[in-house]
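Worksheet for the structure shown next.
The values are calculated or read from the model by the stated rules, or taken from the named source; none is laboratory data. Keep in mind that what you see is a predicted model, and the values were worked out from it rather than measured. So basically every Cβ, Gly included, is an ideal-geometry build from the backbone, and we count neighbours across all protein chains shown. Protein only, heavy atoms only, side chains kept; ligands, DNA and RNA dropped before computing areas. Shrake-Rupley method; radii C 1.70, N 1.55, O 1.52, S 1.80 Å.
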Amino acid sequence: MFEKMPAEQISYIFENTEDAVCLVSSGGVLLEANPAAEKLFGISADSAIKIWDAIPFVEGNDDLIQLFIDAVAQKLKAQEEIVDYVSNDGTKYNLHVRLNYFKKDDMAVYLVVITDLTKLIQVRSAFARYTSPDIADYVLTTAEGQKRGGLTQEVTILMSDLRGFTALSSKMPAQSLIGLLNHYFEAMVAVISQYGGTVIEFLGDGIFVVFGAPKEMPDHASNAVKCAIGMQNAIKEVNKWTEENGYPELAMGIGINTGSVVVGNIGSENKMKYGCMGQTVNIAGRLEGLTVGGQILITEHTRQMLTGEFESCSEGSFLPKGAKDELKYYEVSKLDGLSVDTNYSVIVWTDCDKKKYDLHTVKEKTVEAVGHQATVYKISTDKKHALISCDYELQPRTNIMLQEGDNRIYAKVIRPEYDGYVICFTSVAQSV
């Protein structure tokens, strides 16, 4: 191509391109350099020095120096790498360096082209902090990344949420609440990244994650379940930190569903976000709402997609809003040797003073006005569960509120017993 271009045009491009361009002899001596290269390395075009001698010998420049030395010593035909560079005035750069070996006028030379990626990498890094690395890559590096629209794709959706956090947040100073949430999110996102999940957004204290988009993932269902197990196990370390810092213990529920969703950029030309929509997402959120702290519930479709040995410690069914038929779900105990601690399934009881409460069911975050009578007659030794008797038939997974005067206790029904119901506390204003 260059042979067909006029010499004046080649010279103009060489002098005016923003890329640093050099010609280096096969022995590493700098033969020619354009103004961008002179500025980058702080040299003149006729320096006639070894290219690696033009690079300040300071910490951070080792990779760039070694790149040039290796290319010359090993007579590499082509070399390409992204490296750090620190200039003479201390400015830090991220450089994309390309070396190509060719013959010029019977002399072997290297054509060196260096592109400054510093601003692009800074933008990507900042962008990835406000979204996720996968979404940042999708937006910045693909043709579809900045276009509105989406496509239908099979993925697995994971929804997590902290139990009782709404009541907890009303009692904590804002700064402490943010510090607690940030520590929790930091631990959870580390696990999500380990299993290839993409965080779509943080929903208050909840996390909305997709497996299988924007990057394809053949085993997205298994990765999602393994991730959920890892997240539940990571809560234990988070709670060590909360105890050391005087914060209350956290408990998380997770719902997982697999199916078709519409994924892509949603919004206007002026403001867009990457998201996923559809019934698959809604069902995952509904399933998460059925959990208590420490539980992972998955749908039948997700169960069918799992690879490896799977164990469930309980199962049930629920009727999603707008659906005609109930959907089966499973409570995850183990997958491929990874297990979650379902410590609520083995409960040690202790007798307590019997207390009577008004019992209200809670639907869609709304407390039902009609009250029933309930009596708490046993408490678990860890204070997380209770046995109650009630004059009203309760269904498993029902959210309830027990009220005695101004004392309100929120809980979820776990299962019926021969003489009542096992409930798990989700938020307690005062001691039972």
Counting only protein heavy atoms with a 1.4 Å probe and every protein chain in place, the carbon and sulfur fraction of the accessible surface of segment 222-309 in whole percent equals 47 percent
With all protein chains present and a 1.4 Å probe, the order of 328, 240 from largest accessible area down is 240, 328
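If we sort 362-373, 26-37 on the protection proxy, mean other Cβ atoms within 10 Å, highest first, what's the order?
Result, highest mean Cβ count within 10 Å first: 26-37, 362-373.
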Which of (i) 4, 15, 19, 19, 17, 14, 8, 3, 1, 0; (ii) 4, 18, 27, 24, 14, 8, 3, 1, 0; (iii) 4, 17, 21, 18, 13, 11, 8, 5, 3, 0 gives P(r) over Cα pairs in 10 Å bins from 0, in percent as computed here? It is (iii)
Looks like segment 222-337, by Cα gyration tensor root eigenvalues a ≥ b ≥ c and the a/c under 1.5 rounded cutoff (else prolate when a/b is bigger than b/c, oblate otherwise), is oblate
Dividing the mean separation of Cα pairs under 8 Å (6+ apart) by the residue count of the chain yields a relative contact order in percent of 9 percent
As straight-line cross-link partners of residue 236, the qualifying aspartates and glutamates (C-alpha separation under 18 Å, not fewer than 8 residues apart within one chain) are 161, 186, 205, 244, 249, 341, 382
Computed for segment 30-105: size of charge dipole around the Cα centre, +1 on C-beta of each Lys and Arg, -1 on C-beta of each Asp and Glu, debye to nearest 20, value 340 debye
Rounded to the nearest Å, the spacing of the alpha-carbon centers of segment 29-48 and segment 63-103 is 14 Å
With every protein chain kept in place and a 1.4 Å probe, segment 17-110 has an accessible area per residue in Å² of 54 Å²
Using alpha carbon centers only, segment 173-203 is separated from segment 348-377 by a whole-angstrom value of 33 Å
Quick calc, the chain, dipole around Cα centre from Cβ unit charges on Lys, Arg (+) and Asp, Glu (-), nearest 20 debye, gives 1220 debye
If exposed means chymotrypsin sites (Phe, Trp or Tyr not before Pro) lying in a DSSP loop and surrounded by at most 16 other beta carbons within 10 Å, then the longest stretch of the chain lacking such sites spans residues 58-391
Straight-line reach check, residue 77, cutoff 25 Å on alpha carbons, 8 or more apart in-chain or any other chain, hits among lysines -> 4, 50, 103, 104
Looking only at lysines whose Cα falls under 26 Å of residue 355's and that sit 8 or more positions away or on another chain, we get 171, 363, 365, 378, 383, 384, 412
